[in-house]
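Down below is the structure, laid out as structure tokens.
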Amino acid sequence: MEAKDYFQPGMKEEISLQVEEQHTAAHVGSGSMRVLATPVMIGFMEQAARDLMAKHLPEGLSSVGVHVDVRHLAPTPLGGTVRVACEVVSVDGAGVQFAVRAWDSVEKIGEGQHQRFVIDEARFLKRVNAKSAGMQA
């Protein structure tokens with residue numbers, strides 16, 4: 001399975017989310033402030049890329065994140081709205097490389113790269129189940 005069968009550079013996706021208590025650094029333990037947590041911002045970036053891929057993959061195929069390289073540039077307070085955009089920048093084998101960016105209503109708050117791989121769900125779950133069985137032994 002080749003990702004180029006489904007994706008090409010320039011494809012884009014955008015999502016918007018409001019920063020709630022469960023998204024704050026104080027809540028997730030990555031800091032003490034009630035501002036958007038870096039790991040949550042990264043999760044939003046992954047979600048945008050995952051959403052884009054899910055729209056274009058046939059049943060039985062999915063994607064998993066394999067690499068993230070992101071800078072968190074500015075804080076967003078509790079209650080703020082965050083807009084996250086991703087764009088396919090390259091496709092190689094099963095891999096899709098994204099540029100990811102995030103803004104609040106004032107400024108850019110994050111930017112970086114994210115890579116996902118196209119997977120066969122049944123094959124992936126077979127590996128997970130075998131690993132799980134080995135861990136219980």
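Quick note: the coordinates plus some simple rules give every number you see, no bench work behind them. Quick caveat: nothing in here was measured; it's all calculated off a predicted structure. Here the Cβ positions follow ideal geometry from the backbone for every residue, glycine too, while neighbour counts run over all protein chains shown.
Residue-wise HN-Hα couplings along segment 92-102, as the Karplus relation 6.51 cos²θ - 1.76 cosθ + 1.60 with θ = phi - 60° gives them from phi, are 8, x, 8, x, 10, 9, 10, 8, 10, 9, 9 Hz; Gly and Pro carry x. Distances between placed amide hydrogens fall under 5 Å for L61 paired with E121, all partners being 5 or more residues away or on another chain. Scaled against the 2.2 N^0.38 Å expected of a compact globular protein of N residues, the Cα radius of gyration of the chain reads 1.17. In order along segment 47-53, the Karplus-derived 3J(HN,Hα) couplings, from 6.51 cos²θ - 1.76 cosθ + 1.60 at θ = phi - 60°, round to 4, 4, 5, 4, 4, 4, 5 Hz, and Gly and Pro are given as x. Between T24 and A37, the built amide H atoms are under 5 Å apart, and every one of these is 5 or more places off in sequence or on another chain. For segment 11-89, GluC sites (Glu not before Pro) are listed when DSSP marks them as loop and at most 15 other Cβ atoms sit within 10 Å of their Cβ; the list is E20, E59. For segment 3-136, the residue among A99, I15, S62 whose Cα projects farthest onto the positive side of the dipole built from Cβ charges is S62.
Taking θ as phi - 60° and the Karplus parameters 6.51, -1.76 and 1.60, the scalar couplings of segment 30-43 work out to 8, x, 10, 9, 8, 10, 3, 6, 4, x, 6, 4, 4, x Hz in sequence order, x denoting glycine and proline.
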